[in-house]
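What follows is a short report on a single structure.
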């Protein structure tokens, strides 16, 4: 509307003119109209009336005033039309809560949430909790594909709070490494590290490896569900925690050694087998591990024989190293056999 250039101009209008301005004015005129209408409709407007043209911080407070006095139409207008995204976000957060409680129609949220600024979308997502209605949780699932990384992460968090785990974990699987790592760092940093690990237990090795690499303090107790008997992930844990091999149960190390063709496990397993007086929790894996040791000793005997036949200093040096390795496997085999006849 022409001739309106300040809040004072708007403040002098009649209520009918203010409502017309609210529908047809420029963004700043609509904000002034909302403010003027709020002043007239508030039961105790003394604090507001002391101000003139409201800045963004004041307009955020205005949203609370409007919600508190039940002027939901003005609140929705503020959420939709204010020129400042932080004000729209504050107002929309109240609109979402009112819609969740049934005081406003959900359409006031669904028509704006996916179209407005990132600040507004994040504000909507922040309202989602464990028992939120389906319509708002569906919004969070749609925002997993948002163009803004912060919105995608907040959507992931909202789905976790709402208990809709499958799409949240699917997003993590498909997310870029940067997105997935940021989400895992924040998620694991909330305190329930074991719970996070249990939720990720069935995920891909890639995602579980990222999780092990992302936590602040990596311990076997917390991360066992995502590591299992996977030798790659046990090594990843050891890379984060020097005492990890001491924390990992011997049965888990033995299973990892059975899966992995590497000889790097032998010293760890041999020494811990030697310290056992009874098979206890490793009894069920010892027969298979005994077979692994026997086959490896036979392979090493073959390799050593070939090297000794070369009559070469370098070959003899390699044969000596293999004989030392064979001795370690032989000791492990002896301890395994001892425990099996215990």
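The values are calculated or read from the model by the stated rules, or taken from the named source; none is laboratory data. What you are looking at is a predicted structure, and each value in this text was computed from that prediction instead of being measured. No Cβ is skipped: glycine too gets one built from the backbone with ideal geometry, and neighbour counts run over all protein chains shown.
Does the range 314-328 include one or more residues that are assigned to a helix (DSSP H, G or I) and closer than 29 Å to residue 220 by Cα? Checked the range 314-328: at least one residue is assigned to a helix (DSSP H, G or I) and closer than 29 Å to residue 220 by Cα.
Yes or no, residue by residue, for (1) in a loop (DSSP other than H, G, I, E, B); (2) in contact with a helix residue (DSSP H, G or I) (Cβ under 9 Å, 6 or more places away or on another chain); (3) modelled with pLDDT of 80 or more; (4) under 22 Å from residue 79 (Cα atoms):
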site	(1), (2), (3), (4)
2	yes, no, no, no
13	yes, yes, yes, no
18	no, yes, yes, yes
21	no, yes, yes, yes
29	no, yes, no, yes
32	no, yes, no, yes
36	no, yes, no, yes
40	no, yes, no, yes
48	no, yes, no, yes
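Of the helices (runs of 4 or more DSSP H) lying entirely inside the range 172-274, the ones with 1 or more residues being under 15 Å from the mean Cα position of the chain (by Cα) are found at 177-188, 193-199, 205-214, 220-227. Looking across the range 133-165, the residues that are over 15 Å from residue 115 (Cα atoms) and outside any helix (DSSP H, G or I) come down to 133, 163, 164.
Summed over the range 191-205, the residues that are over 12 Å from residue 225 (Cβ atoms) and in contact with a helix residue (DSSP H, G or I) (Cβ under 8 Å, 6 or more places away or on another chain) give a count of 2. Applying the criterion of being in a loop (DSSP other than H, G, I, E, B) and in contact with a helix residue (DSSP H, G or I) (Cβ under 6 Å, 6 or more places away or on another chain) to the residues of the range 52-101, the residue that is farthest from residue 113 (Cα to Cα) is 52.
Within the range 301-332, the residues that satisfy the criterion of being touching a helix residue (DSSP H, G or I) at 6+ places or on another chain (Cβ under 6 Å) and without any contact (Cβ under 8 Å) to a residue 12 or more places away in the chain are 308, 315, 318. Just one residue in the set 104, 114, 98, 94 is over 20 Å from residue 196 (Cα atoms), free of Cβ contacts under 8 Å to residues at least 60 places away in the same chain, over 20 Å from the mean Cα position of the chain (by Cα) and crowded, with 22+ Cβ neighbours inside 10 Å; that residue is 94. None of 192, 179 is farther than 19 Å from residue 255 by Cα, surrounded by 14 or more Cβ atoms within 10 Å (Cβ to Cβ) and either touching a strand residue (DSSP E or B) at 6+ places or on another chain (Cβ under 8 Å) or at pLDDT below 95 (or both) except 179. If you go through the range 131-151 and keep only what is out of contact with any helix residue (DSSP H, G or I) (no Cβ under 6 Å at 6 or more places or on another chain) and under 22 Å from residue 195 (Cβ atoms), you end up with just 131.
State yes or no: is residue 335 crowded, with 18+ Cβ neighbours inside 10 Å, in contact (Cβ under 8 Å) with a residue 12 or more places away in the chain, touching a helix residue (DSSP H, G or I) at 6+ places or on another chain (Cβ under 9 Å) and assigned to a loop (DSSP other than H, G, I, E, B)? In short, no. The number of residues in the range 195-225 that are under 17 Å from residue 168 (Cα atoms) and buried (at least 16 other Cβ atoms within 10 Å of the Cβ) comes to 9.
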